[in-house]
Amino acid sequence: MPQPQPYMLLTGASRGIGHATVKLFMERGWRILTVSRQPFSEECRWPSARESHLQADLADIDRLDELAAEVRRRLPDGALHALVNNAGISPKGEGGARLGVRGSDAALWTSVLNVNLVSTALLARALFPELRRVRGSIVNVTSIAGSRVHPFAGTAYAASKAALASLTREMAHEFGPHGVRVNAIAPGEIDTAILSSGTEDIIERDVPMRRLGDAREVAETVHFLCTERSSYINGAEIHINGGQHV
């Protein structure tokens, strides 16, 4: 008897790492639900993309229960095999300038923390029964900026990613006894459309492998963490940065 297709919910799917992750999981037989602030794009060529798309602003944490209810409605048998928290925002100043503490007001902090951190916890909380049902996996996307000062990532973004690494450990400790594994990946300089000018200098100076990462390399790691091949990995943060963190 054929096994039912596994389901994944992925936030921040419209480009870069999220886009590559959706593509790879679909190639491997997964059904995908995606979350984005933007409405469905008619230019999207993914099979079944329209019915898989959920429009929601993760900064609006008061409406996350509505989002979770809609996800639940679309899941057959109430089973969610993977939750990938990839959505993240990194506001910039004028001309793309890095925003430090002095350039970050309360509204910016609230928005960044809600999207990058608080929504992750609240979605996991709301969808925990669906994950526990099939001993699913959660993968949080942190960043190289969460463990070292980065020339382009702002202070609020960096702080949110450091906190997300801590949240990953806390969730792994709490959810592990229920069969739900929680891990994180921490990408460095990945070849996407949102690279900042000057990244080539970081590659030459700070990355021992002297190249950008490919978004599919990141997606492969996410897939590994969502399958039985990683069945005893829980509470880990995997660096995907060519050695940039050493």
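Quick note: the coordinates plus some simple rules give every number you see, no bench work behind them. These numbers were taken from a predicted model, which means no experiment stands behind them. Cβ coordinates were reconstructed from backbone atoms using ideal geometry, including for glycine residues, and neighbour counts include every protein chain displayed.
Which peptide among 125-137, 166-178 comes first, and what is the full order, when sorted by highest mean count of other Cβ atoms within 10 Å?
Going by the mean number of other Cβ atoms within 10 Å, highest first, we get 125-137, 166-178.
P(r) of segment 89-158 in 10 Å steps, Cα pairs, percent per bin?
That works out to 18, 41, 24, 14, 3, in percent per bin.
Using a basic spin-label model with each label point 7 Å from the Cα along Cα→Cβ, how many nm lie between ASP191 and ALA236?
In this crude spin-label approximation the distance works out to 2.6 nm.
Give the Rg/Rh ratio for the chain, taking Rg as the radius of gyration of the Cα atoms and Rh as the Kirkwood radius, to two decimals.
Working: Rg = 17.4 Å, Rh = 18.3 Å.
Here Rg/Rh amounts to 0.95.
Can you give the net charge of the other residues whose Cβ lies under 15 Å from the Cβ of HIS223, counting K and R as +1 and D and E as -1? Write down the numbers at each step before the final one.
Working: positive: LYS23, ARG28, ARG31, ARG181, ARG216, ARG229; negative: GLU27, ASP214, GLU217, GLU220, GLU228.
Every neighbour counted, the sum reads +1.
Over the Cα atoms of segment 1-131, what Rg and Dmax result, in angstrom?
16.1, 60
From the backbone phi of segment 30-39, what are the Karplus-calculated ³J(HN,Hα) couplings (6.51 cos²θ - 1.76 cosθ + 1.60, θ = phi - 60°) in whole Hz, Gly and Pro given as x?
7, 9, 10, 10, 10, 10, 8, 5, 8, x
Under 8 Å for C-alpha pairs, at least 6 residues apart: give me the relative contact order for segment 175-246, rounded to a whole percent.
Once divided by the residue count of segment 175-246, the mean separation gives 49 percent.
What is the set of long-range amide H partners of HIS239 at a cut-off below 5 Å, with H atoms built 1.01 Å from backbone N?
ALA186
From largest to smallest, what semi-axes in whole angstrom does segment 124-244 give when each is the square root of 5 times an eigenvalue of its alpha carbon gyration tensor?
For segment 124-244, the semi-axes come out at 29, 16, 11 Å.
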